[in-house]
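Bear in mind that the values in this text are calculations on the coordinates, not laboratory data. Fair warning: this is a prediction, and the values are worked out from it, not measured in the lab. Every residue, glycine among them, receives a Cβ derived from its backbone with ideal geometry; neighbour counts consider all protein chains shown.
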Amino acid sequence: MDQRTDDLLPVSLVWQLPVAIGVVHLLLGIALLVWPEASVTVVAVLLGLELVVAGALRTVLAVVERGSEARLLRGVVGVLGVLAGLLVISQPLRSVGLIVVVVAAFWVLWGLAEAIIALTPSAAGHRGPLFLEAALAIGAGAILLAWPGPTVQVLVMVVGIALLLAGLLATWAGWRLRGMVHDVETEAGQLDRR
């Protein structure tokens, strides 16, 4: 393998991570919508696991993303997601209010980070999906922060819908990135043949 091929390997992973994050969001969103009568402990553990996995995947994305101005911001948000998830998992019998505040605060932070990332030069080809993801995360987090005292079932429904939408968006963005990576790899192959 030459240096150009070595540089392309992490790029091909970039589309897989948003798809993986999307699938995690979709699965949890569906689980919460299908099982709205879940107890606070079950909801806390599921949300905590989702934050840990999504945070870890964002951290991996930050590590493999080369030449992006967003690496540090994505990495910090990923680590904070893991920490927020561990906090929620370690305190599952706390009030719904604590779970809501931790999850909502992380979502607002995540949304703000995605909005900032969308403004970077490396995001030029996919600003729309990033701004949509930012708006969804900030909106869902703001709703939960503004309305912190809902019943567990209302919390489960709001979070389930938000995760389902976030999962669809992340999966769609990942597949779009896959097409872009394929186009770049095809073009690079044609240049090599010349």
So, with +1 on the Cβ of K and R and -1 on the Cβ of D and E, and no other charges, what is the size of the charge dipole of segment 11-193 about its Cα centre, to the nearest 20 debye?
-> 180 debye
Along segment 133-138, Karplus-curve 3J(HN,Hα) (6.51, -1.76, 1.60; θ = phi - 60°) to the nearest Hz, with x for Gly and Pro, reads 4, 4, 4, 5, 5, 5
R0 of 35 Å, Cβ-Cβ distance Val45-Arg176: FRET efficiency to nearest 0.05 | 0.60
Go ahead and run the numbers for FRET between Gln190 and Ile143, Cβ-Cβ distance against an R0 of 45 Å, rounding to 0.05.
-> 0.40
How much net charge surrounds Val79 when only the other residues with a Cβ under 13 Å from the Cβ of Val79 are counted, with Lys and Arg +1 and Asp and Glu -1?
-> +3
Grab the Cα-Cα distance for Asp183 and Ile89, subtract it from 0.36 nm times how many residues apart they are, and report the gain in nm with one decimal.
-> 29.7 nm
So how much slack lies between Trp35 and Val64, counting 0.36 nm per residue of separation and subtracting their Cα-Cα distance, in nm?
-> 6.9 nm
